[in-house]
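Since the structure comes first, as structure tokens, the remarks are kept for the end.
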Amino acid sequence: MAKGYALEKFELQLLYVPPAFARHVAALLVLPVLPLLLATYLPCHVKRLTKHPMLVGVKFLALAHLLANGMLTDVLLFVGFLLWAILGRTSLKRRALTPPASAKGPIINHVIVIVGGLGLYAALMMGLHLRLFGVAPFG
């Protein structure tokens with residue numbers, strides 16, 4: 001998927017022009033994504049409240065990128081992510097799941113989720129996004 005996305009970046013087709021404020025709103029929407037991703041792997045209150053934090057995080061990520069990017073390749077990629085997350089969440093709701101034995105977890109898990117997630121977010125905003133994906137969020 002990443003290779004196909006990279007190949008299509010050479011043929012840029014604009015579908016819509018995002019409004020000027022969209023990048024700032026997108027930055028706020030992406031803020032909970034990395035803490036949610038970390039919460040997927042650690043027992044904590046976030047996991048208990050969201051049932052599947054990764055799917056919630058992917059929805060935020062996709063919506064933020066759709067708001068801030070109007071290129072065809074971006075729309076196809078992030079609509080695909082959004083549909084995957086919606087279908088995954090719908091599938092989870094239809095299954096009879098047993099709750100995890102210890103959804104609370106130790107306090108260090110909550111610290112890791114919040115501090116670690118926000119630290120990763122800061123690293124992405126300060127240049128890691130550019131190095132990994134070739135696009136500066138505020139460039």
Of the residues in the stretch 42-87, how many are more than 22 Å from residue 24 (Cα to Cα), assigned to a helix (DSSP H, G or I) and touching a His at 6+ places or on another chain (Cβ under 7 Å)? 1
Quick one: would you say residue 39 is closer than 25 Å to residue 136 by Cα, small (Gly, Ala, Ser) and in a helix (DSSP H, G or I)? no
All positions within the stretch 61-79 that are in contact with a Leu (Cβ under 8 Å, 6 or more places away or on another chain) and surrounded by fewer than 19 Cβ atoms within 10 Å (Cβ to Cβ): 63, 67, 70, 71, 72, 75, 79
Among 82, 92, which is the only one that is surrounded by 14 or more Cβ atoms within 10 Å (Cβ to Cβ) and either of a type outside the set (Lys, Arg) or without any contact (Cβ under 8 Å) to a residue 40 or more places away in the chain (or both)? 82
Among the residues of the stretch 124-135, is any in contact with a helix residue (DSSP H, G or I) (Cβ under 7 Å, 6 or more places away or on another chain) and among the β-branched types (Val, Ile, Thr)? yes
Identify, please: which residue in the stretch 110-137 is farther than 29 Å from residue 49 by Cα and not hydrophobic (A, V, I, L, M, F, W, C) and is, among those, surrounded by the most Cβ atoms within 10 Å (Cβ to Cβ)? 137
Please verify whether the stretch 80-87 includes one or more residues that are in contact with a Leu (Cβ under 6 Å, 6 or more places away or on another chain), closer than 27 Å to residue 15 by Cβ and modelled with pLDDT under 90. no
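The values are calculated or read from the model by the stated rules, or taken from the named source; none is laboratory data. Note that the structure is a prediction, hence the values are computed from the model and not measured. When we count neighbours, we look across all protein chains shown, and the Cβ atoms used for this are built from the backbone with ideal geometry, even at glycine.
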